[in-house]
1. For region 321-347, give me the residue count where each residue is assigned to a loop (DSSP other than H, G, I, E, B) and either in the same structural domain as LYS396 (by TED's automatic domain parsing) or of a type outside the set (D, E, K, R) (or both).
2. When you check GLU267 against the structure, is it under 18 Å from PRO204 (Cα atoms) and outside any strand (DSSP E or B), yes or no?
3. Please pick out the residue among PRO276, PRO318 that is surrounded by fewer than 19 Cβ atoms within 10 Å (Cβ to Cβ) and part of a loop (DSSP other than H, G, I, E, B).
4. Can you find a residue in region 67-78 that is in contact with a Ser or Thr (Cβ under 8 Å, 6 or more places away or on another chain), outside any strand (DSSP E or B) and polar (S, T, N, Q)?
5. So, of the residues in region 202-221 that are in contact with a Lys or Arg (Cβ under 6 Å, 6 or more places away or on another chain) and not in a strand (DSSP E or B), which turns out to be nearest to ALA303 (Cα to Cα)?
6. Could you tell me whether region 2-10 includes any residue that is over 29 Å from VAL336 (Cα atoms), modelled with pLDDT of 95 or more and either assigned to a strand (DSSP E or B) or not aromatic (Phe, Trp, Tyr) (or both)?
7. Taking SER393 as the residue in question, decide whether it is of a type in the set (Ser, Thr, Tyr), at pLDDT 95 or above and in the same structural domain as CYS224 (by TED's automatic domain parsing).
8. Which one is surrounded by the fewest Cβ atoms within 10 Å (Cβ to Cβ) among residues in region 282-302 that are among the aliphatic types (A, V, I, L, M) and touching an Asp or Glu at 6+ places or on another chain (Cβ under 9 Å)?
Amino acid sequence: MKLIKNGYLLLDNELKKAEMLFDETGIKQIAEHIDDTEAEVIDAAGHAVLPGLIDAHVHLREPGYTHKETIQSGTKAAAHGGFTTIMAMPNVIPYPDNVDTMTAYLAKIKQDALVHVLPYACITKGEASKEVVDMKGLSAMGIHAFSDDGVGVATAEMMKQAMQACKEVDGMIVAHTEDMRYRRPKACMHEGIRNQELHLLGIPSACEYAQMKRDLDLAKAIGCRYHVCHMSAKESVAYLKEYKALGVDCSGEVTTHHLLLNEMDVEGPNHKMNPPLRSEEDRQALIQGLLDGTIDFIANDHAPHAEAEKQKGMEEAPFGIVALETAFPLLYTKFVKEEKRFTLGQLVYWMSEAVAKRFRLKRKGKLAVGYDADFILVDLESYHKVDKDKFYSKGKNTPFDGVEAAGWVIQTFCNGTCVYEHKKEEFA
């Protein structure tokens, strides 16, 4: 048994001086004082104790692209950033689009992962929009969320079939909405002001929201649970709000980078992501969407790439940035500590409990007796610079290198075991 002492626990959205008794099976007691002379004491003096963060959108790249990331390096990065549960997107090789491949994938995760990893299965075989996967078979083995992330499901008819199959197993479609009819070859950033300044082809917002509208109409007609990935456009926020009001079982996420940056911040390939950074008006709509409950939670779309790939320039470099190790400090510093637009409780809720609720993850997302002992110790006061060379991820592709932030994770516990502990040289 272990006992957290001298820390401030996030309870009922407030930091409170309390102690917490736990072991590998879960949290046993939370009180102002716990008298257990046999428990191993963990001194949390000067630190906040928060529930382990949950990320519903992570690319681990293994199998198939281990030069970018592995299950081991990606979950080390997750632990470093305070994430105790991550959901892995299925655009790996081979695709986890059948029971046999998923069985092997789960075995590899069990062998190598430092934190909880919940993999998505594909919506269509090979993410090719030709044939719906065996959702019954995959659901029977505990896979309840399906995504073709990286591409949109190409036709309404294919998405209709997928939603019908998904509804039968009470699963959820998690959609990357992208209508390729709106995207010209070599388009690499938002179609707005900055792309004209840089003489680059732009991607219009309709590339995202047109297919999202199609999907929401289908979800309304079929009654399938539906979630939209990495929302970036004000029109997407408006559609989600409209269909929620109609009673559609739908939800949405926004990434850290879409909350922090806009198109005018784009300088090079480390600002290239899909969907792209859009206008300041879009960014403000995303923030407001979180605040008013339209957008359900924050995700990251952690997308590591090899450095040589990101050096190819805006038109040729792959889309995506890494995020797991910097998301919480950057968001906490900007929106809680400096602008005071979010409370600490709101931010942690959007990065933990809200995700757990939407994906029906039992015993996760908050500090409470009976919940898993997944939690983090965080220094909310000290400022340190982001240093990509000290990332645990193989990917160093971040636009935030050198940015000063507070809110760094000191220790991460997963199932009651410390899986990350801060080393002094990390802030040297």
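The values are calculated or read from the model by the stated rules, or taken from the named source; none is laboratory data. Just so we're clear, the structure is a prediction, and the values are computed from it rather than from any experiment. Here Cβ is always computed from backbone atoms with ideal geometry, including for glycine, and neighbour counts include all displayed protein chains.
1. 6
2. Values: under 18 Å from PRO204 (Cα atoms): no; outside any strand (DSSP E or B): yes.
Here the answer is no, as GLU267 does not meet what is asked.
3. PRO318
4. Step one: of region 67-78, the residues in contact with a Ser or Thr (Cβ under 8 Å, 6 or more places away or on another chain) are 69, 73-74, 76-78.
In the following step, the residues that additionally are outside any strand (DSSP E or B) were identified as 69, 73-74, 76-78.
Filter again for polar (S, T, N, Q), leaving 73.
Scanning region 67-78, I find at least one residue that is in contact with a Ser or Thr (Cβ under 8 Å, 6 or more places away or on another chain), outside any strand (DSSP E or B) and polar (S, T, N, Q), so the answer is yes.
5. Taking region 202-221 as the starting set, the residues that turn out to be in contact with a Lys or Arg (Cβ under 6 Å, 6 or more places away or on another chain) are 203, 207, 218.
Now drop any that are not not in a strand (DSSP E or B), which leaves 207, 218.
Values: CYS207: 20, LEU218: 29 Å.
Only one residue fits best here, namely CYS207.
6. So far as region 2-10 goes, yes, one or more of its residues are over 29 Å from VAL336 (Cα atoms), modelled with pLDDT of 95 or more and either assigned to a strand (DSSP E or B) or not aromatic (Phe, Trp, Tyr) (or both).
7. No.
8. Initial filter on region 282-302 (among the aliphatic types (A, V, I, L, M)): 285-287, 290-291, 295, 298-299.
Now restrict to residues that are touching an Asp or Glu at 6+ places or on another chain (Cβ under 9 Å): 285, 290, 295, 298-299.
Values: ALA285: 22, LEU290: 24, ILE295: 26, ILE298: 27, ALA299: 28.
Restricting to residues being among the aliphatic types (A, V, I, L, M) and touching an Asp or Glu at 6+ places or on another chain (Cβ under 9 Å), the top hit is ALA285.
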